[in-house]
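Notes follow the structure.
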Amino acid sequence: MNTANQYLKAIYLIQQQDNEPAATGRVADMLDVSPASANEMIGKLEDRGLAEHEKYKGVSLTDDGIVRARDALQTYCIIERFLANVLGVEEFRAEARELEPVIDGTVAERLDTIIDRKPECPDCFDPELDACRCLDVAFESEPESEQPAD
Amino acid sequence: MSLGQQVGSDRQLARLLQIGIVLEEVVEARAHRHYQSLAADERDLDAEIEELLSHAADESADHRKRLEDLIEGLTVDSVPFDEIETLVEARYGKTKPEDFDGVLYDQLCNEETAYKFYDDLIEAIEASDAEFSVDREHVVEVLEGLKDEERDGVERVTTIMEERE
């Protein structure tokens, strides 16, 4: 159900990082799926008017796609912050990735009422850290993703 | 990042049940605070809303107990329920609804959100072939019961809202 949102979020973050259309291979890598699966879902996003795919260039989000992607990113930020700050989960990023497909935006909105989130969210999200830059936690505990070089 | 809407382990299931407890905590705290914030004379005048909020708070407490019982059967570290309760209470000590319509609308959102959460959780458990320390059918049965009660809650609030239009 939320798979489309995860694709939109991934495309959005890659576009932000690269400042150009997102290569399908990069999207597949980020989501850990096959390029064929990524192509199929990108086709569906195009059909829904959320993305545009140009051969040899990559995929870009439409205005509607950007709105949906930012909502999905915000939901993800809420889950991360809730896990880290309310429940004290050390591996909040790994758990947020697991929980993301099950936690709907409306549920996240309720969780949002008991966390302190910055007004600039989700622009404060750092794709390298896979977390909000404003989150006051130690990032050394993440075992699964690479740490950015200082 | 992982794709797919499944619950694959005791730990993940426990975390989702814990989130359910927080949502119920939020419902209870908001219902309680909203009730407390109504002026004494208003409370007397509106027994219907008083009964609605009182029922919502009792039901949420009961739902939390059922979720806690499920977590107890899972192989996970204990989770600090008391701390969560304190935190949610502290948050809602500051909130105040603007009027009766605000109270009803907020209560409707609470019930709808909880319904959606249980619905998604059941779907995710059913999509998974993972084995849990507790019987999967029992977990789904309990969650279906909670979902049904949330749906009844939505209908209850909607009926009152329609009567007042």
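Determine whether A:G65 is away from chain B (no Cβ under 14 Å), without any contact (Cβ under 8 Å) to a residue 60 or more places away in the chain, assigned to a helix (DSSP H, G or I) and surrounded by 15 or more Cβ atoms within 10 Å (Cβ to Cβ).
Numbers: away from chain B (no Cβ under 14 Å): yes; without any contact (Cβ under 8 Å) to a residue 60 or more places away in the chain: yes; assigned to a helix (DSSP H, G or I): yes; surrounded by 15 or more Cβ atoms within 10 Å (Cβ to Cβ): yes.
When the stated conditions are applied, A:G65 passes them.
Could you please find all residues in region B:100-118 being facing another protein chain (nearest Cβ under 9 Å), of a type outside the set (S, T, Y) and in contact (Cβ under 8 Å) with a residue 12 or more places away in the chain? Reasoning before the result, please.
Filtering region B:100-118 for residues facing another protein chain (nearest Cβ under 9 Å) gives B:109-110, B:112-114, B:116-117.
Of the ones still in play, those that are also of a type outside the set (S, T, Y) are B:109-110, B:112, B:114, B:116-117.
Matches in region B:100-118: B:N110, B:E112, B:A114, B:F117.
Filter region A:69-105 for residues that are free of Cβ contacts under 8 Å to residues at least 40 places away in the same chain, within 10 Å of chain B (Cβ to nearest Cβ), in a helix (DSSP H, G or I) and of a type in the set (A, V, I, L, M) and give the result.
A:I79, A:L83, A:V86, A:A96, A:L99
Based on what the data block shows, is B:T95 under 20 Å from the mean Cα position of the chain (by Cα), farther than 23 Å from B:Q12 by Cβ and at pLDDT below 90? If you could, list the steps in order and put the result at the bottom.
Working: under 20 Å from the mean Cα position of the chain (by Cα): yes; farther than 23 Å from B:Q12 by Cβ: yes; at pLDDT below 90: yes.
So B:T95 fits the description; yes.
Within region B:123-140, how many residues turn out to be closer than 22 Å to B:E155 by Cβ and modelled with pLDDT of 95 or more?
0
Here's the yes/no breakdown for (1) farther than 19 Å from B:I19 by Cα; (2) under 11 Å from the mean Cα position of the chain (by Cα); (3) part of a loop (DSSP other than H, G, I, E, B); (4) not hydroxyl-bearing (S, T, Y):
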| position | (1), (2), (3), (4) |
| --- | --- |
| B:N110 | no, yes, no, yes |
| B:T113 | no, yes, no, no |
| B:Y118 | no, yes, no, no |
| B:L121 | no, no, no, yes |
| B:A124 | no, no, no, yes |
| B:V142 | no, no, no, yes |
| B:D148 | no, no, no, yes |
| B:G153 | yes, yes, no, yes |
| B:R156 | yes, no, no, yes |
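When only residues in region A:106-126 that are within 13 Å of the chain's Cα centre (by Cα) and not in a strand (DSSP E or B) count, which is surrounded by the fewest Cβ atoms within 10 Å (Cβ to Cβ)?
Taking region A:106-126 and keeping what is within 13 Å of the chain's Cα centre (by Cα), we get A:121-126.
Keeping just the survivors that are not in a strand (DSSP E or B) gives A:121-124.
Working: A:C121: 17, A:P122: 21, A:D123: 13, A:C124: 15.
Step by step, filter region A:106-126, then rank; the result is A:D123.
The values are calculated or read from the model by the stated rules, or taken from the named source; none is laboratory data. These numbers come from a predicted model, not from an experiment. Methodologically, a virtual Cβ is constructed for each residue, glycine included, from the backbone with ideal geometry; neighbour enumeration extends over all protein chains shown.
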